[in-house]
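Let me begin by presenting the structure, written as structure tokens, before commenting on it.
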Amino acid sequence: CMGFIHEKKVYLSQYLGDLSHADTEQHFLDTRRALKRLLQFRPKVLLADLHPGYVSTRLARNWGEENNIEVACIQHHRAHFAAILGEHRLFDSEDPILGFIWDGTGFGEDGNIWGGEGFLYHKSGMKRIGHVAYFPSIAGDKMAREPRLAALALLPNEPLCLDKFSPIEQQIYLKLIERSTLKTSSMGRVFDAVASLLEICEVQRYEGEAALKLEAMARSFLKRTGSFPRPYPFTLLHAHLAIQQILTGIVQDIRAGEDKELIAAKFHMTLVLYIREVADRLGVRKIACSGGVFQNSILVDGLHHVLGQAYQLYFHSALSPNDENIAFGQLMYYAQQNSIQLSIA
């Protein structure tokens, strides 16, 4: 998606797709030319993702260099949070707002791969207050395609994970995990790991396959029983979620022969109660959620079920929670940081 602020109004293009494909990149450039011609303007500032390797960031830098235009880079998850704040007109809220931004990948300000983030917005300030506890990020994009790698990175000494690999693969990947200096807090990879432990997806045939199958398994349990199960025990340290503790509980249930649908539902409920625990510790009653993980209906239903009476919950409705909202979020973040008043229909 591409967005513009023109005469205090926000304009968004249609969703354009994955810019790593040449035809999509060309479609992006054609759309940019069409909107520029339609609106008759010359940009003063170009907004891009913080990730230096993204195609969109490269295109923004090229355009900026060719036309002597400033380029401002905005962290991916801050853009997600700004998108949900902007959609619900929450920037002027007098009450603090907790943001949970969960997805697969976003380049973090500390050089790691973010994806399971908690933010607090209050009095025009946006602070990262917690995240899924870091674990090794290995094998680049292959880790996103193979849920078994996420499981191994989280539980490298667990036979249930090791047995998914040949002896040579074990040797290679364990060495990568041991030497990895790149860490991730990706909730998307956590979903992948749980799907792998439950043996419902080891290698993904399409993006999000593991998470979709895990959600379907949890949904089957809820339909069959009509109730949400008890969660796994979890520990918070400064709002960081000790995810390995939850996965250890899942492994124990697997070894005990527990119903896999129950395990999937317990995992979802644990994440719901993690959100409530953070909110209670901080004394915040407004919670906004964005990122691709929140396309998961079990999470959304669970949050309404557990938190709906005592908390104000905000989810996307005009925009998708996935990366379709990033352009809008970048515009909202920049406008808020620079005190630009906008007219949003």
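Does at least one position in the stretch 45-55 carry a residue that is of a type in the set (Gly, Ala, Ser) and surrounded by fewer than 12 Cβ atoms within 10 Å (Cβ to Cβ)?
yes
Of the residues that sit in the stretch 293-309 and are surrounded by fewer than 16 Cβ atoms within 10 Å (Cβ to Cβ) and without any contact (Cβ under 8 Å) to a residue 60 or more places away in the chain, which one is farthest from CYS1 (Cα to Cα)?
Going through the qualifying residues, I end up with GLN309.
Quick one: count up the residues across the stretch 217-258 that are hydrophobic (A, V, I, L, M, F, W, C), closer than 21 Å to GLU199 by Cα and open to solvent by less than 70 Å² (accessible area, probe 1.4 Å).
Total meeting the criteria: 10.
Residues that are in contact with a helix residue (DSSP H, G or I) (Cβ under 6 Å, 6 or more places away or on another chain), closer than 19 Å to TRP114 by Cβ and not in a loop (DSSP other than H, G, I, E, B): does the stretch 215-230 have at least one?
Within the stretch 215-230, none of the residues are in contact with a helix residue (DSSP H, G or I) (Cβ under 6 Å, 6 or more places away or on another chain), closer than 19 Å to TRP114 by Cβ and not in a loop (DSSP other than H, G, I, E, B).
Looking only at the stretch 310-339, which residues are under 16 Å from HIS77 (Cα atoms) and free of Cβ contacts under 8 Å to residues at least 12 places away in the same chain?
Of everything in the stretch 310-339, just one residue is under 16 Å from HIS77 (Cα atoms) and free of Cβ contacts under 8 Å to residues at least 12 places away in the same chain, namely GLN337.
Under the condition of being assigned to a strand (DSSP E or B) and of a type outside the set (A, V, I, L, M), which residue from the stretch 84-106 is surrounded by the fewest Cβ atoms within 10 Å (Cβ to Cβ)?
Looking at residues that are assigned to a strand (DSSP E or B) and of a type outside the set (A, V, I, L, M), I get THR105.
Looking at (1) in contact with a helix residue (DSSP H, G or I) (Cβ under 6 Å, 6 or more places away or on another chain); (2) over 12 Å from ALA327 (Cα atoms), which is the only condition GLU109 fails?
So the condition that GLU109 fails would be (1).
Can we say GLU109 is acidic (Asp, Glu) and either closer than 30 Å to GLU209 by Cα or in a strand (DSSP E or B) (or both)?
Considered against the rule, which asks whether it is acidic (Asp, Glu) and either closer than 30 Å to GLU209 by Cα or in a strand (DSSP E or B) (or both), GLU109 comes out as yes.
Here is a list: GLY125, GLY118. Which entry is in contact with a strand residue (DSSP E or B) (Cβ under 7 Å, 6 or more places away or on another chain) and on the phi < 0 side of the Ramachandran plot?
Being in contact with a strand residue (DSSP E or B) (Cβ under 7 Å, 6 or more places away or on another chain) and on the phi < 0 side of the Ramachandran plot holds for just one of GLY125, GLY118, which is GLY118.
The values are calculated or read from the model by the stated rules, or taken from the named source; none is laboratory data. Note that the structure is predicted; figures quoted are calculated from it, not measured. Using ideal geometry, Cβ is built from the backbone for each residue, glycine included, and neighbour counts are taken over all protein chains shown. Accessible surface is based on the protein model in full, side chains and every heavy atom, while ligands, DNA and RNA are left aside. Shrake-Rupley method; radii C 1.70, N 1.55, O 1.52, S 1.80 Å.
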